[in-house]
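The values are calculated or read from the model by the stated rules, or taken from the named source; none is laboratory data. Nothing here was measured: the structure is a model prediction, and the numbers come from that model. We place every Cβ from the backbone using ideal geometry, glycine too, and count neighbours over all the protein chains shown.
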Amino acid sequence: MTRYFTEDHEWIEVEGGLGTVGITDYAQGQLGDITFVDLPETGATVAKGDSVSVVDSVKAASDIYTPASGTITEVNEALADEPELVNTDAEVGGWLYRITLSDASELGSLMDEAAYKTYVESL
Amino acid sequence: MVCHALSRSSVLSEYPVNDDNQTEDLAPMLLPLDAWHREKGGRMVEFAGYMMPVQYEGIMAEHLWTREHAGLFDVSHMGQVMLSGEGLEAAVEALLPIDLSTLKLGAVRYSLLLNETGGILDDLMVSRWPGGLYLVVNGATKWDDIAHMRECLPDEIVLNHLDERALLALQGPEAFAALERHVSGDYPLSALTFMRGGKFELGGVEAWISRSGYTGEDGFEISIPGESAAAVAELLCGEPEVKPIGLGARDSLRLEAGLPLYGHDMTPEADPVSAGLVFGINKRRRSEGGFPGAAHILNALVKGTARQRIGLTLEGRMAAREGAKVFVGDEEVGVVTSGGFSPSLQHPIAMAYVDAAHTADGTALEIEMRGKRLPAKAAPMPFVPHRYHR
């Protein structure tokens, strides 16, 4: 199980050919109180970099770009009633969607946890 | 993750209501409380050419704290202007649709800076101080406003930009209790009712205090010398009722209160009638005219306008944002000018300009957001009742 990060503050945890995607704790802190998450449709085929989800906070709406290409298999239904899970548990219970990866080689361009930590400290 | 285009911001760096382009090439300026905000944990963003705190502990918590207790807002970016000189009354009445004959010493009134076609250049507060008229104008527009006033006012009128003064707002049901402990003057603080002001000493500092604000709550706006701002802010936040509140909650509070934001809910393209700001044109001026754009506005008062600013309440939790289109069936009937999640009501609310045929309270409308149609209803404003101390 490996976790990768994007410069846009998404994380993807990969096990076998399946990825789980969310936003980082740093990102939720910057967004503030999250009031709604517009999740993708299950079954949708998406390409790396597509805007697949939107996270609404009191102050603004933010696009979530998928860190990898593939097919959406599952979304986090708990967020419908409790969008604040993304604030309280961004990197575990506040996950957004699961995706079967169509091209695992895409992950090579993403950061690992140490690189992301360094990146955030540089902001 | 990048902020959605409709909200016109990059989420991690900017606050969405910042549309002030005139200073975008300049380094942001620092206000007297800059260090104080940082010390209090304020997240600083550029707004109207200044570094300002968008939030401290979080917009939701700050919003609700203000509705229940009292919040201290730094609004020192706004323009404070003193007008004085011979012929002041006539000169200002030629510039603003205000009736100065009814503006008594210490009274505060809402007014509008208008262009020749009746478009709104800014909204402002006008107070009668001993020795002249004290104006508070929006931060993002203050340089244009000052240039416009200098251009339009005769040479006998002296315009003094009080840029050495800070402006604080203390807002909320407990604002009076917290402020009263530190105020002394020729009359008690309780002598001020809504839209009245006076001179006081606040913690030993000379302060002009008016009972007014931008949250819908009881509260005060406090003009003090910039060098005393940190001491006064510290004094007020030392009271158990008071916490510092950022721009984010200021925006969500004013939206719930139905108060328009310049540059968004009113622009030079909108006239006061369609903006629902006819109260900013005093009664005598509605019959007499004699202010910029009067012909257009008086005509609109009689004939009505094609569009009107209305409130919208939304079902579900997805917020409508500025720029979203409003529909009735397939017909596009309007555009959202402000929108967001209401922390007090726990559902999204918005302001929009909508074709007059579809503005009646309760009218079913749809707002297009990200390819979806969100059901909405025309709703009376304020969304959250005002609690002014009249």
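Can you tell me which residues in the stretch B:262-305 are of a type outside the set (S, T, N, Q), farther than 30 Å from B:Gly339 by Cβ and either assigned by TED's automatic domain parsing to the domain that holds B:Ile349 or assigned to a loop (DSSP other than H, G, I, E, B) (or both)? Write out each step before concluding.
Narrowing the stretch B:262-305 to residues of a type outside the set (S, T, N, Q): B:262-266, B:268-273, B:275-281, B:283-286, B:288-298, B:300-304.
In the following step, the residues that additionally are farther than 30 Å from B:Gly339 by Cβ were identified as B:283-286, B:288-292, B:294-295, B:298, B:302.
Passing the criteria: B:Gly289, B:Gly290, B:Phe291, B:Pro292.
Consider A:Ser51 carefully, then state whether it is without any contact (Cβ under 8 Å) to a residue 24 or more places away in the chain and of a type in the set (S, T, N, Q). So A:Ser51 passes the test. Considering the conditions (1) of a type in the set (Asp, Glu); (2) buried (at least 24 other Cβ atoms within 10 Å of the Cβ); (3) within 12 Å of the chain's Cα centre (by Cα), A:Asp56 is excluded by exactly one of them, (3).
Has the stretch A:94-115 got any residue that is within 22 Å of B:Arg43 (Cβ to Cβ) and not in a loop (DSSP other than H, G, I, E, B)?
Step one: filter the stretch A:94-115 for residues within 22 Å of B:Arg43 (Cβ to Cβ), giving A:94.
Imposing the further condition that a residue be not in a loop (DSSP other than H, G, I, E, B) reduces the set to none.
Looking through the stretch A:94-115, none of the residues is within 22 Å of B:Arg43 (Cβ to Cβ) and not in a loop (DSSP other than H, G, I, E, B).
When the stretch A:1-10 is limited to residues that are outside any strand (DSSP E or B) and touching a Phe, Trp or Tyr at 6+ places or on another chain (Cβ under 9 Å), the one that is surrounded by the most Cβ atoms within 10 Å (Cβ to Cβ) turns out to be A:His9.
Would you check which residues across the stretch A:40-53 are out of contact with any Leu (no Cβ under 6 Å at 6 or more places or on another chain) and crowded, with 20+ Cβ neighbours inside 10 Å and list them? Explain how you work it out, then say what you get.
We begin by selecting, within the stretch A:40-53, every residue out of contact with any Leu (no Cβ under 6 Å at 6 or more places or on another chain); these are A:40-52.
Once the filter is applied, which keeps residues that are out of contact with any Leu (no Cβ under 6 Å at 6 or more places or on another chain) and crowded, with 20+ Cβ neighbours inside 10 Å, the stretch A:40-53 yields A:Pro40, A:Val46, A:Val52.
Take the conditions within 14 Å of chain A (Cβ to nearest Cβ) and in contact (Cβ under 8 Å) with a residue 60 or more places away in the chain and apply them to B:Arg254. Does it pass? Reasoning before the result, please.
Details: within 14 Å of chain A (Cβ to nearest Cβ): yes; in contact (Cβ under 8 Å) with a residue 60 or more places away in the chain: no.
Judged against the criteria, B:Arg254 is not a match.
Among the conditions (1) over 23 Å from A:Ile34 (Cα atoms); (2) touching a residue at least 60 places away in the same chain (Cβ under 8 Å); (3) of a type in the set (Val, Ile, Thr), the only one that B:Val335 does not satisfy is (2).
Is it the case, given these coordinates, that B:Val183 is more than 18 Å from B:Val81 (Cβ to Cβ), among the β-branched types (Val, Ile, Thr) and touching a residue at least 12 places away in the same chain (Cβ under 8 Å)?
Working: more than 18 Å from B:Val81 (Cβ to Cβ): yes; among the β-branched types (Val, Ile, Thr): yes; touching a residue at least 12 places away in the same chain (Cβ under 8 Å): yes.
So B:Val183 fits the description; yes.
Within the stretch A:27-37, the set of residues being within 9 Å of another protein chain (Cβ to nearest Cβ) and not β-branched (Val, Ile, Thr) comprises A:Ala27, A:Gln30, A:Leu31, A:Gly32, A:Asp33, A:Phe36. Being out of contact with any Leu (no Cβ under 6 Å at 6 or more places or on another chain), more than 9 Å from chain B (Cβ to nearest Cβ) and surrounded by 16 or more Cβ atoms within 10 Å (Cβ to Cβ) is a description that does not apply to A:Pro83.
Here is a list: B:Leu105, B:Leu124. Which entry is outside the structural domain of B:Gly213 (by TED's automatic domain parsing), part of a strand (DSSP E or B) and not small (Gly, Ala, Ser)? Reasoning before the result, please.
On the way: B:Leu105 fails: part of a strand (DSSP E or B).
Sole residue among the options that is outside the structural domain of B:Gly213 (by TED's automatic domain parsing), part of a strand (DSSP E or B) and not small (Gly, Ala, Ser): B:Leu124.
Somewhere in the stretch B:120-141, is a residue more than 19 Å from the chain's Cα centre (by Cα) and on the phi > 0 side of the Ramachandran plot? Yes, the conditions are met somewhere in the stretch B:120-141.
Which condition breaks for A:Glu13 when tested against (1) assigned to a strand (DSSP E or B); (2) modelled with pLDDT of 95 or more; (3) within 11 Å of another protein chain (Cβ to nearest Cβ)? Among (1) assigned to a strand (DSSP E or B); (2) modelled with pLDDT of 95 or more; (3) within 11 Å of another protein chain (Cβ to nearest Cβ), the lone unmet condition for A:Glu13 is (3).
Criterion applied to B:Leu113, B:Leu64, B:Leu159 was being in a strand (DSSP E or B) and within 21 Å of the chain's Cα centre (by Cα), and the one residue passing it is B:Leu113.
Is it fair to say B:Val333 is over 25 Å from the mean Cα position of the chain (by Cα), under 20 Å from B:Gly362 (Cα atoms) and not assigned by TED's automatic domain parsing to the domain that holds B:Leu64? Yes: the conditions hold for B:Val333. When B:Thr337 is tested against (1) surrounded by fewer than 24 Cβ atoms within 10 Å (Cβ to Cβ); (2) in a loop (DSSP other than H, G, I, E, B), just one condition goes unmet, and that condition is (2).
The residues of the stretch A:84-102 that are closer than 24 Å to B:Ala61 by Cα and among the hydroxyl-bearing types (Ser, Thr, Tyr) amount to a single one, A:Thr88.
Within the stretch A:38-76, the set of residues being of a type in the set (Val, Ile, Thr) and facing chain B (nearest Cβ under 7 Å) comprises A:Val54, A:Val58, A:Ile64. Selection of the stretch B:237-278 for residues being surrounded by fewer than 24 Cβ atoms within 10 Å (Cβ to Cβ), among the charged types (D, E, K, R) and over 25 Å from A:Leu31 (Cα atoms) yields B:Glu239, B:Glu241, B:Glu269.
Looking for something within 25 Å of A:Asp63 (Cβ to Cβ) and either assigned by TED's automatic domain parsing to the domain that holds B:Glu217 or in a loop (DSSP other than H, G, I, E, B) (or both) - is there at least one such residue anywhere in the stretch B:350-369? Working first, answer last.
We begin by selecting, within the stretch B:350-369, every residue within 25 Å of A:Asp63 (Cβ to Cβ); these are B:350-352, B:366-369.
So of that shortlist, the ones also either assigned by TED's automatic domain parsing to the domain that holds B:Glu217 or in a loop (DSSP other than H, G, I, E, B) (or both) come out as none.
Among the residues of the stretch B:350-369, not one is within 25 Å of A:Asp63 (Cβ to Cβ) and either assigned by TED's automatic domain parsing to the domain that holds B:Glu217 or in a loop (DSSP other than H, G, I, E, B) (or both), which makes the answer no.
Which condition number does B:Glu288 fail, the rest of (1) surrounded by fewer than 17 Cβ atoms within 10 Å (Cβ to Cβ); (2) within 24 Å of the chain's Cα centre (by Cα) being met? The failed condition is (2).
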